[in-house]
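Novice: One structure is given below, represented as structure tokens, and several questions about it will come after.
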Amino acid sequence: MIIDMHTHLFPTTIRENRENFFLDEPAFALLYRDPGARMVGSDEMVRAMDEHGVDVSVVFGFPWMNPDTCRRHNDYILESVNRHPDRFVGLCCVNPYTREAEKEVQRSLDNGLSGVGELALYQEGGITEDAVQRIEPIMAQCRQKNLPVLFHTNEPVGHVYPGKSDNTLAQIYNLVRTYGENTIMLAHWGGGLFFYNLLKKEVRDVLANVYFDTAASPFLYDPQIYRVAMELAGEEKILFGTDYPLIPPSRYYKEIEAAGISAAAREKLLGGNAARVLSIPNE
């Protein structure tokens, strides 16, 4: 079974009228002002999954500032999951800096979504202490329901690109240490945080419930990242995620093959680990 843990769906009204959302949503404008920045709906996603042999995709929206847009986007994720219950697992996406975030998470989880994400803290300063405290009600809900939370993270060095936030490794570490009882998934390899599993004290325990997804890896890292991350974090901690439609799964398959990992490790990466995190029967 192949499970893609990191994909984005957008309803028709946003896909066909993206310019209407730029003025009051600077993060959305940053990522999608370029007409070449693709957005897809649920039917196109299913077709792409069939083409690339993906059995299940974890789908979510965008952390909108406007609460109405946020609610309607989460409704679209719910509708998509209900239309394709065997193909989609949905996450609730909110902006933690809005007053409605906690209630929107509760509403979405009560209606059948399977966790929260991708939470992206794009504001200046990265994942500040204030941001960590603001998400406490969201983390509490997921902790009580034993549901995962996916965070946008990125490496704090290297080239700059749209969506690269100001987060530091110390901020990411503080986040996961604060919510050590939650199941946390860090997008984009967690900015490389897994390296510090080599430290003799503390870090392995802090990262006990933390997973790292591979989203955007072909844009960021050499294929050997798969082998290195599995050695340092553990084969059971890496989740296949494409950031589709940013990059198609086929590019990841080629890089995973080039990485030279074992067949057993490949099986865990492509679906076994995600099935465990999401409580999906791995057939």
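Novice: Note down the magnitude of the dipole of the chain about its Cα centre, charges +1 on Lys and Arg C-beta and -1 on Asp and Glu C-beta and zero elsewhere, to the nearest 20 debye.
Specialist: Values: 27 positive and 39 negative charges, 76 e Å.
The dipole of the chain has a size of about 360 debye.
Novice: Using just the alpha carbons, could you tell me how many Å³ per residue the convex hull of the chain encloses?
Specialist: Taking the convex hull of the Cα positions in the chain, it is 121 Å³ per residue.
Novice: Given the Cα-Cα distance of residue 264 and residue 111 and 0.36 nm per residue of separation, how much length would full extension add, in nm?
Specialist: The span from residue 264 to residue 111 would gain 51.5 nm if fully extended.
Novice: Given H placed 1.01 Å from N in the peptide plane, which residues other than close sequence neighbours of residue 244 have an amide H under 5 Å from its amide H?
Specialist: Long-range HN contacts for residue 244: 8.
Novice: If packing is taken as the average number of other Cβ atoms within 10 Å across a peptide's residues, how do 173-181, 74-82 rank, most packed first?
Specialist: 74-82, 173-181
Novice: At a 10 angstrom cut-off on C-beta neighbours, averaged per residue, how do the peptides 237-244, 142-149, 253-260 rank from highest to lowest?
Specialist: 237-244, 142-149, 253-260
Novice: Enumerate the amide H contacts of residue 211 below 5 Å, restricted to partners 5 or more residues apart or on another chain; note that Pro and chain-start residues carry no placed amide H.
Specialist: Under 5 Å from the amide H of residue 211: 184, 185, 186.
Novice: Just from its helices, what would the mean residue ellipticity at 222 nm be for the chain, if runs of 4 or more DSSP H residues each count -39500 (n - 2.57) and the sum is divided by every residue, rounded to the nearest 500 deg cm²/dmol?
Specialist: -11000 deg cm²/dmol
Novice: Over the chain, what is the mean sequence separation of C-alpha contacts under 8 Å (at least six apart), divided by residue count, expressed as relative contact order in percent?
Specialist: That works out to 18 percent.
Novice: Of the listed peptides 4-13, 62-71, what is their order by residue-averaged count of other C-beta atoms within 10 Å, with the highest listed first?
Specialist: Output ranking for 4-13, 62-71: 4-13, 62-71.
Novice: Mind listing the long-range amide H neighbours of residue 117? Cut-off is under 5 Å, sequence gap 5 or more, other chains count too, H placed in the peptide plane at 1.01 Å from N.
Specialist: Close amide H contacts, sequence-distant or interchain: 92, 93, 94, 150.
Computed from the coordinates by the stated procedures, all read-outs in this text should not be read as laboratory data. Model, not experiment: these values are computed from the prediction. Note that we place each Cβ from the backbone using ideal geometry, even for glycine, and neighbour counts take in every protein chain shown.
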